[in-house]
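> Got a structure for you, questions after.
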Amino acid sequence: MKKLVLVFALFVFTLTSCVTTPVKSVKKEQIPVKTTVRPPAKVVIQTTKLIDELAEIAKKHGLEASDEQKKALFDRFLEAEEVACESNVAWWDNDNAAIEEASKSNMPVYIFIAGNENCLPCRKTESDVLNDHEVIYYLNKDFISVKLGIDNYNSEKYKIQEYPAHFFLNPNGSIIDYSFGYRRASDFVKMLKHVTTLLKR
């Protein structure tokens, strides 16, 4: 049964295309502005049909799924779809507020600090790396992300050798890892996974 659910999950994921709908921003400095996405109608219909088919297969193996169970499975798939298709990082612009939230949610914090407008590696990181779908997925799933500039970061805490700067904090706000300069999206994802591994030790 577990194998059937896994195959079904992968199949639904391959069928999905993302539709973005901007959310009205809340006018509070510490609240991140993000774009959420909702699966298109055709995906909702396909998901419903596939869940019914999965239930029929399970029934043949002696497992009966109730309407409540099918509804719960449906909701979980659509929830996962919204997370996977988010179109931008949920940035905070205040690291103190982000750390406070991190301590409540027990999530690590990622701090991105860009140089001035003439910093080409910074602009390239913003356009190519931080807009990469896989990077967005892992940042929104595993981190509270903060974007700061050269004029609004704590230079006593964040000792920068080169821009852009990347600092990773544990939920209590202490630095556990850092990196400087441009990284390709694939290397950046490896760095994110490395940090999450450090936190599990």
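> Would you please put 177-187, 121-131, 57-67 in order of how densely packed they are, using the mean number of other Cβ atoms within 10 angstrom per residue and starting with the highest?
121-131, 177-187, 57-67
> Using R₀ = 30 Å, calculate the FRET efficiency as 1/(1 + (r/R₀)^6) where r is the Cβ-Cβ separation of D187 and K157; round to 0.05.
Taking R0 as 30 Å, the efficiency between D187 and K157 is 0.75.
> Moving on to the next point. Over 32 Å between Cα atoms, which of K49/K193; K124/K193; K59/K200; K159/K200; K59/K141; K60/K190 qualify?
Those over the limit are K49/K193; K59/K200; K59/K141; K60/K190.
> With labels modelled as points extended 7 Å from the Cα through the Cβ direction, what inter-label distance (nm, one decimal) is found for I150 paired with L120?
Between I150 and L120, the simple spin-label model gives 1.6 nm.
Computed from the coordinates by the stated procedures, all read-outs in this text should not be read as laboratory data. If you're wondering where the values come from, they're calculated on a predicted model, not measured in any experiment. Glycine gets a Cβ as well: all are built from the backbone with ideal geometry, and neighbour counts include every protein chain shown.
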